[in-house]
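Visitor: The structure that follows is given in the form of structure tokens.
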Amino acid sequence: MAITAHNASQFMRRICTAAPIMPVLVIKDANTATDLGLALLRGGLPILEVTLRTPAALDAIKVMSDLPGVTVGAGTVLNAKDAEAAKDAGAQFAVAPGATDNLIEACTALDLPLLPGAVTASEAMQLLDHGFDFMKFFPAETSGGAAALKALAGPLPQIAFCPTGGITAQNATQYLALPNVICAGGSWIAPASLVEQKNWGAIQQLAADAAQMPSSKI
Ligand code: 3PG
């Protein structure tokens with residue numbers, strides 16, 4: 001079954017209203033995935049992005065996709081091969097830093113909802129032509145930050161974004177206050193040092209703080 005870009009965006013908009021922050025996870029050891037997923041879930045962040053940047057990522061997705069209440073997607077999905085591997089591992093969505101026609105076609109054919117990346121008006125308009133109206137704004141902080149995203153809301157109010165890249169506990173609320181932001185993504189919720197220490201309590205607290213952030217939620 002194939003999913004349309006419009007339906008993919010609808011799906012992503014729906015799940016991303018569950019929490020203001022989507023943790024971006026770089027998992028080195030799949031054996032940590034259950035405890036990490038549960039800490040984030042208990043903190044109030046049920047939508048997780050596991051980046052395909054480590055050899056453990058696909059196994060971690062498999063583990064997390066079995067956790068009740070967790071919705072896990074694959075991040076750093078760059079091409080059809082990544083999309084297939086993500087789907088096979090149980091990812092319920094794919095996130096990309098940008099977008100290519102090949103990736104869009106592959107995710108459509110795989111029935112894998114895609115959150116594609118855009119940072120300029122032209123990139124956003126091209127994705128809108130495909131049917132996407134929810135996009136990752138990446139890399140957010142170095143691309144003009146919240147001010148740039150606010151400016152895009154003027155001519156492109158029909159597009160919502162999930163900014164990621166340089167988002168922190170300190171600057172996230174600037175983004176979440178914008179009318180065209182549904183949620184923001186970031187890796188600060190699960191720092192490698194805390195995962196290595198298996199400090200699940202501290203990660204749960206970071207997640208709880210993020211889950212409480214005020215959001216305009218369009
Ligand atoms: C990424 O894909 O790396 C995300 O955008 C996370 O960026 P961050 O590490 O700056 O939060």
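Visitor: If amide hydrogens are placed 1.01 Å from N in the peptide plane, which non-local residues have theirs closer than 5 Å to the one on residue 95?
Guide: Here 74, 75, 76, 77, 115 satisfy the definition.
Visitor: Okay, moving on. Taking the Cα centre of the chain as the origin and placing charges on Cβ (Lys, Arg +1; Asp, Glu -1), which of 215, 76, 183 is farthest toward the positive end of the dipole?
Guide: 215
Visitor: Next up: If ligands, DNA and RNA are left out, what is the accessible area of residue 22 with a 1.4 Å probe, given in Å² to the nearest 10?
Guide: Solvent-accessible area, nearest 10 Å²: 0 Å².
Visitor: Can you tell me, using C-alpha contacts under 8 Å and at least 6 residues apart, the relative contact order of the chain as a whole percent?
Guide: Once normalised by length, the contact order is 25 percent.
Visitor: If you roll a 1.4 Å probe over the chain with all protein chains in place, what percent of the accessible area is carbon or sulfur?
Guide: C and S fraction of accessible area: 54 percent.
Visitor: Assigning unit charges at the beta carbon (Lys, Arg +1; Asp, Glu -1) and nothing else, what dipole magnitude in debye, to the nearest 20, does the chain show about its Cα centre?
Guide: 460
Visitor: Here is a further query. Of 49, 196, 141, which has the most accessible area and how do the rest follow, probe 1.4 Å?
Guide: In descending accessible area the options line up as 196, 141, 49.
Visitor: For the stretch 83-100, what does the Karplus curve 6.51 cos²θ - 1.76 cosθ + 1.60, with θ = phi - 60°, yield as ³J(HN,Hα) per residue in whole Hz, taken in order and with x for Gly and Pro?
Guide: 5, 4, 5, 5, 4, 4, 6, x, 4, 9, 7, 10, 10, 10, x, x, 6, 10
Visitor: Now for a different question. So how exposed is residue 6, as accessible area in Å² (1.4 Å probe, rounded to 10)?
Guide: That residue has around 90 Å² of solvent-accessible surface.
Visitor: Follow-up. Roughly how many Å² of residue 143 are accessible to a 1.4 Å probe, to the nearest 10?
Guide: 40
Visitor: In whole Hz and in residue order, list the ³J(HN,Hα) couplings for the stretch 73-78 that follow from phi through the Karplus curve 6.51 cos²θ - 1.76 cosθ + 1.60, θ = phi - 60°; x for Gly and Pro.
Guide: Each residue's phi maps through the Karplus curve to give x, 9, x, 6, 7, 9 Hz.
Visitor: Shifting gears a bit: Looking at 156, 92, 27, which one has the Cα that reaches farthest to the positive end of the dipole of the chain (charges on Cβ: Lys, Arg +1; Asp, Glu -1)?
Guide: In the chain, that residue is 156.
Visitor: Just to be sure I understand the model, the point goes 7 Å from the Cα along the line to the Cβ. What's the resulting residue 31 to residue 212 distance in nm?
Guide: A separation of 3.4 nm, rounded to one decimal place.
Visitor: If you stretched the chain out fully between residue 7 and residue 100, how much longer would it get, using 0.36 nm times the residue separation minus the C-alpha to C-alpha distance?
Guide: This chain segment gains 31.7 nm when fully extended.
Visitor: Protein chains only, probe 1.4 Å: how do 150, 136, 81 rank by accessible area, largest first?
Guide: Heavy-atom accessible area, descending, gives 81, 150, 136.
Visitor: Right, another one. What's the extension gain from residue 148 to residue 125 if we count 0.36 nm per residue and subtract their Cα-Cα distance?
Guide: Full extension from residue 148 to residue 125 adds 6.7 nm.
Visitor: Show that you can apply the helix-only estimate: for the chain, add -39,500 (n - 2.57) for every DSSP H stretch of four or more residues, divide by all residues, and state [θ] at 222 nm to the nearest 500.
Guide: It comes out at -12000 deg cm²/dmol, rounded to the nearest 500.
Visitor: Before I look further, what does the chain give for accessible area per residue, probe 1.4 Å, in whole square angstrom?
Guide: 42
The values are calculated or read from the model by the stated rules, or taken from the named source; none is laboratory data. Since the model is a prediction, treat every value here as computed from it, not as a measurement. Don't worry about glycine lacking a Cβ; one is built from the backbone with ideal geometry, like all the others, and counts go over all protein chains shown. Ligands, DNA and RNA are excluded from the accessible area calculation, which covers all protein heavy atoms including side chains. Shrake-Rupley method; radii C 1.70, N 1.55, O 1.52, S 1.80 Å.
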